[in-house]
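Report on one structure; see the data block that follows.
The values are calculated or read from the model by the stated rules, or taken from the named source; none is laboratory data. None of the values given here were measured: they were computed from a predicted structure. Note that each Cβ is placed from the backbone with ideal geometry, even for glycine, and that neighbours are counted across all protein chains shown. With ligands, DNA and RNA removed, areas are computed over all heavy atoms of the protein, side chains included. Shrake-Rupley method; radii C 1.70, N 1.55, O 1.52, S 1.80 Å.
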Amino acid sequence: MPYDFDYAGLVDAPYAVPPDGIHVANVRVRRYRGFCAHNEKAKAFLAEVSTRRDSLLAILNETPQLEDRTRRKAAGYLGDFFEEAGSPSKWPIS
């Protein structure tokens, strides 16, 4: 499925801005916008994805097109996500 990642926090393009109506400082601020009906699926995903941290972060090191600065910045952004995903008390869903 084609997707334009320019506005994703992972990419952090300098021209990226949050969409209208989403009150966050920048595109790197995470905001859960899922439907309450899917909260249990979201919790299951967070629990599962947190176990795959090392293999997913390894993809950054295996991507030769990334500059070191970009790789470090992306790893930090993903690292923050995995820290939150691995701590149910930090989940933005109830």
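Structural remarks
- Cβ crowding within 10 Å averaged over residues, with 51-58, 40-47 ranked highest first: 40-47, 51-58
- Ligands, DNA and RNA excluded, the heavy atoms of residue 29 present near 70 Å² of accessible surface to a 1.4 Å solvent probe.
- Rel. contact order, % - alpha carbon contacts under 8 angstrom, at least six apart, the chain: 27
- Separation in nanometres of the label points that stand 7 Å from Cα toward Cβ, at residue 49 and residue 87: 1.7
- Apolar share of the accessible surface for the chain: 56 percent from carbon plus sulfur atoms, 1.4 Å probe.
- Here each label is just a point 7 Å from Cα along the line to Cβ, and for residue 32 and residue 58 those points are 2.9 nm apart.
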